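**Student:** Just dropping this structure here.
Derivation of every value follows stated rules applied to the coordinates shown; laboratory data play no part. Model, not experiment: these values are computed from the prediction. Cβ atoms come from the backbone with ideal geometry, glycine included; neighbour counts cover every protein chain shown.
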Amino acid sequence: MALSEKLGVIAYNPLGGGLLTGKYERTDRPDAGRLDVNQLYESRYGERWMHETAARFAEFARAEGFTPASLAIAWVAHHPAITAPILGARNAAQIEDALRAADIRMTPELYDRIASFSSAPPPATDRTETVKSTSLA
């Protein structure tokens, strides 16, 4: 819809509360990450399949020579409907990692490989269903 209506889209939380950085799958991970201390984030990103998908993604990113955070941000930014992802960082290292996303050449093949880690959500149906027109007169 954003593309067809020429709307800007600023993608919120492109790293899934830190899940796509790979830090939640490490044995030396921080004691209290956002998913550990924030109930909203835990409920949004706490399902096991999400952690399993994020772990496979992080392994893939590192094998390809990227950090998981920079590759995730590059993937989000590459989507044709996304104007820009919102970046957040708690320190200089995190923002430097996020900004490295701009240096990643996101080919269609790389984009599709990353997309294959998770199934696509079903499309919204509000634009495909017949909508009856009503008059305000």
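**Student:** Given H placed on each backbone N at 1.01 Å, which residues far from Ala11 in sequence or on other chains put an amide H within less than 5 Å of it?
**Tutor:** Thr83, Ala84, Ile86
**Student:** Quick one: work out Rg over Rh on the C-alpha atoms of the stretch 10-115, Rh as Kirkwood radius.
**Tutor:** Ratio of gyration radius to Kirkwood radius for the stretch 10-115: 0.94.
**Student:** Another one. Would you order Thr67, Thr21 from fewest to most other beta-carbon atoms within 10 Å of each residue's own beta-carbon? It would help to have the intermediate numbers written out before the result.
**Tutor:** Details: Thr67 19, Thr21 24.
Ranked by crowding around the Cβ, least crowded first: Thr67, Thr21.
**Student:** Related question: Which whole-number percentage describes the relative contact order of the stretch 10-115, with Cα contacts under 8 Å and a sequence gap of 6 or more?
**Tutor:** Dividing the mean separation by the residue count of the stretch 10-115 yields 32 percent.
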